[in-house]
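Derivation of every value follows stated rules applied to the coordinates shown; laboratory data play no part. Model, not experiment: these values are computed from the prediction. Note: ideal-geometry Cβ built from the backbone for every residue, glycine included; neighbour counts use all protein chains shown.
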Amino acid sequence: MLRNLPFAVFFGAVIILPFVAGEYFLSVGLGLLMWIALTQSWSLLSGLTGYISLGHVVFYGLGAYLAALSWGHLPLWAVLALAGAGNFAFATAISLPVLRVRGPYFVILTFGLAELVKFSVMAIESALGEYGRLLFDVPSMATLYWLMLGFAVIATAATQLILSTRLGQGLIAIREDEETAETVGVPVTIYKSLAFGLSAAIPGVVGALMMLRTTYFEPQQVFDPIVSFTIVSIAIIGGSDDSRGPLFGAVFLVLLSELFWAKAPQVYLILQGILLIGFVVFLPEGICGRLFAQRARR
Amino acid sequence: MSSVVLELRGVSRQFGGLRALSSIDLNVSRGETVGIMGANGAGKTTLFSLIAGHVPPSSGDILIDGKSILGLRPYEICRRGVGRTFQTVRPFGGLSVFENVLIAGRFGTKRRAMADASVRATALIEAIGLADRAQAKAETLTLSAQKRLEVIRAVATGAHIILLDEVLAGLTPNEVREMLGVIGKLQKDYDLTLLMIEHVMRALMEVSNRILVLHHGEAIAIGDPAQVRSDARVLECYLGKDE
């Protein structure tokens, strides 16, 4: 019961929010849900397999790009499906070379990949003579909010439910020892590709939704590495091995950013850096890990 | 006890200029225990890596139940029925003993449902005497317990050919005795064919039906323990030549 309390409190609050809050708080809520969906998807790959991605913004950015290209030609559901499926396909295709490296090399590779895609999109756009794209007749804020909530729930449920599946157990075995995992029959390469694809799909949809929210496409913005860093920060600050961690991490960081971002953006970035170091050194199990470990001890 | 489950035909493996194994022929029958001995660097572990598919042979063929396994990935070879332990233990350290065995059961030779794999895991953990440590993280176990865990993890896959790489090394004489007892029981209960690399000679002589002696990558002797013990080339390798 206590286990699921954070889920109940959190999702209860975000369901009530649209009925009681104004535009400002709704947009804060949207941001919060976005970070939760992104971090949960990230942990599907990085939390389970131990392959730490520092370039998850690439999927967010590609989702946004696909939305910018297809909006106006396709209905909303098709735009979102395209962003999700497109990213799944892209990620599974690049996973074969990308997932051959481990540890710090993988971290650097994912970061580099995101930058490579960013500059490629910039080159394509400028070759096409496009300098930013504007989207018209976008869905209402409320529609986007409910959709984002839906995908945050899906991402959270997926990270939780996958643990008891064969795929989830295989991925955990890969995290522990890849060669041994293969020795006991885990199809390592296929599973890693699948995890990479799954962890890319929801960020694609999230990117598309946020594109429809901001209505202005600019590669520098949607492929901003800060998005990747923030995902990792939320995961570390939230902590814990299960899907409750990102809830705590996202609430904490979003509140902090609301307090500082508008008034002193530099202070916020410095603070985020200090917090990250602080958590890694003093509280590696994160807020959630600490909270529940203490309860368990009592 | 006559059907051949594992067959090596002229298997060689070259690492650059080093010939780690040259032209090994071996037939292993169902239910047999084959001991493998030889000095460090003789090619014993390389032989296991070839059979388990971690390293492809440079030439020759390896057959499991009459079918070649050349070109298969290790997980596919596991599905054909080969389980192995590692010379330096490699448990899934952050997972519990139970989870270690459970995962092997869910994958292994076929995809087993959670309940099925769970029953299997519990029985094996009980059999090897780790029941009271089932929920402990594997990395917190003693070396002897980790070795036992590796043995049952290999068996849990459903493999019928088990490659045991120095599972007795580093154990006290009492632990060796205990381990041999358990392995013998598992072999009977699960109808296993065993290949054992071992430096503990007395134990190896005792449990093996046949012994293969490797020296600089060559099979210098194969036969029952008594034969091997009196083989001139083996004595020469181990004790030196009488001048």
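Apply the Debye scattering formula to chain B, with a single equal point scatterer on each alpha-carbon and no solvent, then give log10 I(q)/I(0) at q = 0.13 Å⁻¹.
-0.78
Please report the projected area of the range A:2-297's Cα convex hull averaged over all directions, in nm². Show your work: numbers first, answer last.
Working: hull surface 64.6 nm².
About 16.1 nm², averaged over all directions.
If the viscosity is 1.306 mPa s and the temperature 10 °C, what Stokes-Einstein diffusion coefficient in µm²/s follows for the range B:142-243 when Rh is the Kirkwood radius over Cα pairs?
Approximately 107 µm²/s, per Stokes-Einstein.
Sorted from fewest to most neighbouring beta carbons within 10 Å, what does the list A:73, B:160, B:54, A:56 look like? Write down the numbers at each step before the final one.
Working: A:73 8, B:160 21, B:54 17, A:56 26.
With the sparsest Cβ surroundings first, the list reads A:73, B:54, B:160, A:56.
What FRET efficiency would be calculated for the residue pair residue B:134, residue A:4, taking the C-beta separation as r and a Förster radius of 30 Å, to the nearest 0.05? Spell out each step's value before the answer.
Values: r = 26 Å, r/R0 = 0.87.
After rounding, the FRET efficiency stands at 0.70.
To one decimal place, what orientation-averaged projected area in nm² is obtained for the convex hull of the Cα set of the protein assembly as shown?
Across all orientations, the protein assembly as shown yields a mean hull projection of 31.0 nm².
If each DSSP helix of 4+ residues adds -39,500 (n - 2.57) and the sum is divided by the residues in chain B, what number results at 222 nm, nearest 500 deg cm²/dmol?
Roughly -11000 deg cm²/dmol at 222 nm, from the helical runs in chain B.
According to a simple spin-label model (label point 7 Å from Cα along Cα-to-Cβ), what is the distance in nm between residue B:142 and residue A:165?
4.2 nm
Which lysines, if any, have their Cα less than 29 Å from the Cα of residue B:147, not counting same-chain residues under 8 positions apart?
Within the straight-line limit of under 29 Å, residue B:147 reaches these lysines: A:192, B:44, B:110, B:137, B:185, B:188.
Say we join alpha carbon atoms closer than 10 Å with springs in a Gaussian network model of chain B; which of B:155, B:82, B:207 then has the biggest fluctuation?
In this elastic network of chain B, the residue with the biggest mean-square fluctuation among B:155, B:82, B:207 is B:207.
Could you work out the helix-only [θ] at 222 nm for chain A, with each DSSP H run of four or more residues adding -39,500 (n - 2.57) and the total divided by the number of residues, to the nearest 500 deg cm²/dmol?
Theoretical 222 nm ellipticity from helices: -26000 deg cm²/dmol.
How much space per residue, in cubic angstrom, does the convex hull of the C-alpha atoms of the range B:1-67 take up?
For the range B:1-67, the hull spanned by Cα atoms encloses 82 Å³ per residue.
Give me the Kirkwood hydrodynamic radius of the range A:1-71 in Å, from all C-alpha pairs, to one decimal place? Display every interim value, and only then the final one.
Details: mean 1/r = 0.0688 Å⁻¹.
It works out to 14.5 Å.
Take every Cα pair under 8 Å in the range A:25-99 that's 6+ residues apart, average their separations, divide by the length, and report that relative contact order as a whole percent.
On the way: 22 pairs, mean separation 15.3, N = 75.
Here the relative contact order equals 20 percent.
First obtain the Kirkwood hydrodynamic radius of the range A:1-124 from its Cα pairs, then insert it into the Stokes-Einstein equation at 20 °C and 1.002 mPa s, and state the resulting D in µm² per second as a whole number. Walk me through the numbers before you get to the answer.
Working: Rh = 16.8 Å.
Here the translational diffusion coefficient equals 127 µm²/s.
Do me a favour and compute the ellipsoid semi-axes for the range A:82-220 from its Cα gyration tensor, root of five times each eigenvalue, largest one first, whole Å.
Ellipsoid semi-axes (Å, largest first): 32, 21, 10.
Please arrange B:67, B:137 by counting, for each residue, the other beta carbons lying within 10 Å of its beta carbon, fewest first.
Ordered by Cβ neighbours within 10 Å, fewest first: B:67, B:137.
Give me the one-decimal nm value for the distance between modelled label points at residue A:69 and residue B:9, 7 Å along each residue's Cα-to-Cβ direction.
5.2 nm
Mind sorting A:191, A:145, B:238 by how few other Cβ atoms lie within 10 Å of their own Cβ, fewest first?
Going from least to most buried by this count: B:238, A:145, A:191.
With an 8 Å Cα cut-off and a minimum separation of 6 or more residues, compute the relative contact order for chain A in percent.
Worked out over chain A, it gives 31 percent.
Hey, rough spin-label estimate for residue A:137 and residue B:39, points 7 angstrom out along Cα→Cβ, what's it come to in nanometres?
8.4 nm
May I ask you to work out the translational diffusion coefficient for the range A:103-171 at 20 °C, viscosity 1.002 mPa s, via Stokes-Einstein with Rh from the Kirkwood sum over Cα pairs, reported in whole µm²/s?
For the chosen part, D equals 131 µm²/s.
Which whole-angstrom value gives the distance between the alpha carbon centres of the range A:1-74 and the range A:219-298?
14 Å
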